[in-house]
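Asks: After the structure tokens below, expect a handful of questions from me.
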Amino acid sequence: MFINVTMTARKVPSFKNKKNNLLNKRSYRNNMINNYPLIFDEVMIKQLKKVAKNQSVKEILIKMLDKIEERGPDAGELLDSRLFIYEVKNKHPPIRLYFKHNVNSNEIYIFEFEMKTSKKKQQKTIEKIRKKVLES
């Protein structure tokens, strides 16, 4: 007893089609990602006005801010777990950018950036930001 099975040729997608499908899935995922709205402190706005003259530092800050807007708190290193204060670092030139993630509204508050000079200055800046967060 034989069973008559007709087999049809299966279409094998070409490499180009596979590549396009992957790209479409990635772009779909990227559209699903939530952007974190950025809110700037007065100090940061003054600093950005001063930096507008220096093109290289300006480009570095733009990249840092884009990274924060895309990734949110995952973009930085956690400094204070109770207040959700984070820091983003750049090595050359040594720039540190401080921000706070508001968990309820999912907003990012950008406080200020500094050119790293010493550990004491860094701690002084972090304490100043902590006071500002506690007051608000």
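Asks: I'd like the residue in region 48-74 that is surrounded by 13 or more Cβ atoms within 10 Å (Cβ to Cβ) and touching a Pro at 6+ places or on another chain (Cβ under 9 Å) and, out of all such residues, is farthest from Pro93 (Cα to Cα).
Replies: Glu69
Asks: May I pose another question? Tell me yes or no: at least one residue of region 114-131 is touching a helix residue (DSSP H, G or I) at 6+ places or on another chain (Cβ under 9 Å) and part of a strand (DSSP E or B).
Replies: yes
Asks: To continue, here is another question. Taking Glu77, is it touching a residue at least 12 places away in the same chain (Cβ under 8 Å), out of contact with any Leu (no Cβ under 7 Å at 6 or more places or on another chain), among the acidic types (Asp, Glu) and over 18 Å from Asn35 (Cβ atoms)? If you could, list the steps in order and put the result at the bottom.
Replies: Values: touching a residue at least 12 places away in the same chain (Cβ under 8 Å): yes; out of contact with any Leu (no Cβ under 7 Å at 6 or more places or on another chain): yes; among the acidic types (Asp, Glu): yes; over 18 Å from Asn35 (Cβ atoms): yes.
It is true that Glu77 is touching a residue at least 12 places away in the same chain (Cβ under 8 Å), out of contact with any Leu (no Cβ under 7 Å at 6 or more places or on another chain), among the acidic types (Asp, Glu) and over 18 Å from Asn35 (Cβ atoms).
Asks: Cβ contacts < 8 Å: first residue β-branched (Val, Ile, Thr), restricted to region 108-134; second residue surrounded by 16 or more Cβ atoms within 10 Å (Cβ to Cβ) and assigned to a helix (DSSP H, G or I), any location; separation 6+ or different chain. Result?
Replies: Ile108/Ile68; Ile108/Gly72; Ile108/Pro73; Ile110/Met44; Ile110/Leu65; Ile110/Ile68
Asks: Further question on the same structure: Just give me the residues in region 112-131 being touching a Phe, Trp or Tyr at 6+ places or on another chain (Cβ under 6 Å) and over 22 Å from Val57 (Cβ atoms), in sequence order.
Replies: Result: no residue meets the conditions.
Asks: Which of (1) assigned to a strand (DSSP E or B); (2) farther than 26 Å from Asn104 by Cα does Lys50 not meet, given it meets every other one?
Replies: Every listed condition holds for Lys50 apart from (1).
FYI, it's all coordinate maths here, none of it is from the lab. Keep in mind the model is a prediction, meaning the values are calculated, not measured. Positions of Cβ are backbone-derived with ideal geometry, glycine not excepted, and every protein chain shown enters the neighbour counts.
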